[in-house]
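K.L.:
Below is the structure I would like to discuss, written out as structure tokens.
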Amino acid sequence: MVHAPEIEPEILASPARMVEECYRLISFPPGSAPQWDRFRRLFSPKAVLALRVFPEDATVTVMNLDEYMV
């Protein structure tokens, strides 16, 4: 496992920057993988994510980081 660098304080201080960083880390070209180690560092170990795939979806899926990163 590759050690992820610490998250820069200016990213952690801004919710908008944190969202941008999340999308950057889970976006990747074909044949590569998300930067899960760094992604995990953006969250508390007990964080949960609530995901609505499409805006018109009536349901929201709630999962912990391990469930999300499958």
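The values are calculated or read from the model by the stated rules, or taken from the named source; none is laboratory data. Computed from a predicted model, the values in this text were never measured in an experiment. Virtual Cβ from ideal backbone geometry, glycine too; neighbours counted across all protein chains shown. Heads up: the accessible areas ignore ligands, DNA and RNA and are worked out on the full protein's heavy atoms, side chains in. Shrake-Rupley method; radii C 1.70, N 1.55, O 1.52, S 1.80 Å.
K.L.:
Quick one: would you say Leu42 is touching a strand residue (DSSP E or B) at 6+ places or on another chain (Cβ under 6 Å) and surrounded by 13 or more Cβ atoms within 10 Å (Cβ to Cβ)? I'd like the intermediate steps shown before the answer.
P.N.:
Values: touching a strand residue (DSSP E or B) at 6+ places or on another chain (Cβ under 6 Å): no; surrounded by 13 or more Cβ atoms within 10 Å (Cβ to Cβ): yes.
Against the criterion (touching a strand residue (DSSP E or B) at 6+ places or on another chain (Cβ under 6 Å) and surrounded by 13 or more Cβ atoms within 10 Å (Cβ to Cβ)), Leu42 does not qualify.
K.L.:
Okay, next question. Can you pull out every residue in the range 27-39 that is free of Cβ contacts under 8 Å to residues at least 24 places away in the same chain, open to solvent by less than 70 Å² (accessible area, probe 1.4 Å) and within 15 Å of the chain's Cα centre (by Cα)?
P.N.:
Listed by number, the list holds a single entry, Ala33.
K.L.:
Look through the range 7-21, keep the residues that are exposed (fewer than 10 other Cβ atoms within 10 Å of the Cβ) and aliphatic (A, V, I, L, M), and return whichever of them is nearest to Leu51 (Cα to Cα).
P.N.:
So the residue we want is Ala16.
K.L.:
Six or more apart or on different chains, Cβ under 7 Å: which pairs go from a residue in the range 57-70 that's under 21 Å from Ser27 (Cα atoms) and open to solvent by less than 70 Å² (accessible area, probe 1.4 Å) to one that's hydrophobic (A, V, I, L, M, F, W, C) and assigned to a helix (DSSP H, G or I)? Could you list them?
P.N.:
Pairs found: Met69/Trp36.
K.L.:
When you look at Arg40, is it over 16 Å from Glu67 (Cα atoms), of a type in the set (D, E, K, R) and not in a loop (DSSP other than H, G, I, E, B), yes or no? Please lay out each step first, then the result.
P.N.:
Details: over 16 Å from Glu67 (Cα atoms): no; of a type in the set (D, E, K, R): yes; not in a loop (DSSP other than H, G, I, E, B): yes.
Considered against the rule, which asks whether it is over 16 Å from Glu67 (Cα atoms), of a type in the set (D, E, K, R) and not in a loop (DSSP other than H, G, I, E, B), Arg40 comes out as no.
K.L.:
When you look at Arg24, is it open to solvent by 80 Å² or more (accessible area, probe 1.4 Å), under 10 Å from the mean Cα position of the chain (by Cα) and under 13 Å from Met69 (Cα atoms), yes or no?
P.N.:
Working: open to solvent by 80 Å² or more (accessible area, probe 1.4 Å): yes; under 10 Å from the mean Cα position of the chain (by Cα): yes; under 13 Å from Met69 (Cα atoms): no.
Here the answer is no, as Arg24 does not meet what is asked.
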